[in-house]
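Visitor: Below are the structure tokens for one structure; questions will follow.
The values are calculated or read from the model by the stated rules, or taken from the named source; none is laboratory data. Keep in mind it's a predicted model, so treat the numbers as computed, not measured. Heads up, the Cβs are rebuilt from the backbone with ideal geometry, glycines too, and the neighbour counts pull from every protein chain shown.
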Amino acid sequence: MALLKILHYPDPRLHTVAKPIAEVNDEIRRLAADMAETMYAAPGIGLAATQIDRHIRMLVVDISEEKNSLLTLINPRILLKEGEAMHEEGCLSVPGIYDKVSRAERIRVQATNLAGESFELDADGLLGICIQHEIDHLEGKVFVEYLSRLKQTRIKHKLTKQAKEAM
């Protein structure tokens, strides 16, 4: 397994819409394992393939404290959204930035697992928020784009400055 480089906002590659995965094969399973290792090391609770510059429809999520409940969703699609809730979110692609975002309170998602089997999952709370957040990445959207233009500009300047100072 390998740690992968995570793209940081405002990298334009984060706005690429991911393409569906035609076949779940060993390459996809290996990438999923590398994504999980990268997410855990970051540390984070979700990672979309877009964030590691792979523009395919796959994400990994694990909201457990023990880091033993890994979910891999291939070609995820939200079938149902209910309610509305505000939650503070952060993102591995937007390090150190947290803000409140409004999302559906409950979702039903359809996806394929690493065995190539289709399944549906009902999710709410942190899991529902995380899945919606990661699916946004697959659609080329970063959570800060739900914020005001002023906040987006400040975040871009802050992260650009941090990147220059790190060089």
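Visitor: Looking only at the range 88-98, which residues are buried (at least 16 other Cβ atoms within 10 Å of the Cβ), in a strand (DSSP E or B) and in contact with a strand residue (DSSP E or B) (Cβ under 8 Å, 6 or more places away or on another chain)?
Guide: Residues satisfying the conditions are Glu89, Cys91, Ile97.
Visitor: Suppose we keep only residues that are over 22 Å from Asn25 (Cα atoms) and touching a helix residue (DSSP H, G or I) at 6+ places or on another chain (Cβ under 9 Å) within the range 63-76. Which one would you say is surrounded by the fewest Cβ atoms within 10 Å (Cβ to Cβ)?
Guide: Lys67
Visitor: Here's another thing I want to ask about it. Let me confirm something: among Arg57, Arg13, which residue is modelled with pLDDT of 95 or more and either under 17 Å from Cys130 (Cα atoms) or among the small types (Gly, Ala, Ser) (or both)?
Guide: Arg57
Visitor: Return the residue satisfying two criteria in turn: it lies in the range 110-167 and is among the aromatic types (Phe, Trp, Tyr) and surrounded by 13 or more Cβ atoms within 10 Å (Cβ to Cβ), and of such residues it is modelled with the lowest pLDDT.
Guide: Among those residues, the one meeting the criterion is Tyr146.
Visitor: Further question on the same structure: If you take the residues in the range 24-81 that are of a type in the set (D, E, K, R) and assigned to a helix (DSSP H, G or I), which one is farthest from the chain's Cα centre (by Cα)?
Guide: This residue is Asp26.
Visitor: Which numbered condition in (1) on the phi < 0 side of the Ramachandran plot; (2) buried (at least 17 other Cβ atoms within 10 Å of the Cβ) is the only one that Ala41 fails?
Guide: Of everything listed in (1) on the phi < 0 side of the Ramachandran plot; (2) buried (at least 17 other Cβ atoms within 10 Å of the Cβ), Ala41 misses just condition (2).
One line per residue, one yes/no per condition, for (1) in contact with a strand residue (DSSP E or B) (Cβ under 8 Å, 6 or more places away or on another chain); (2) touching a residue at least 12 places away in the same chain (Cβ under 8 Å):
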site	(1), (2)
His8	yes, yes
Pro12	no, no
Asp53	no, yes
Leu80	yes, yes
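Visitor: Now for a separate question. Which residue pairs have Cβ atoms closer than 7 Å, lie 6 or more positions apart in sequence or on different chains, and pair a first residue in the range 114-136 that is more than 20 Å from Ile21 (Cβ to Cβ) with a second residue that is in a helix (DSSP H, G or I)?
Guide: Filtered contacts from the range 114-136: Ala123/Ile131.
Visitor: I'd like the full set of residues that are in contact with a helix residue (DSSP H, G or I) (Cβ under 8 Å, 6 or more places away or on another chain) and within 19 Å of Val109 (Cα to Cα), limited to the range 32-49.
Guide: Within the range 32-49, Ile45, Gly46, Leu47, Ala48, Ala49 qualify.
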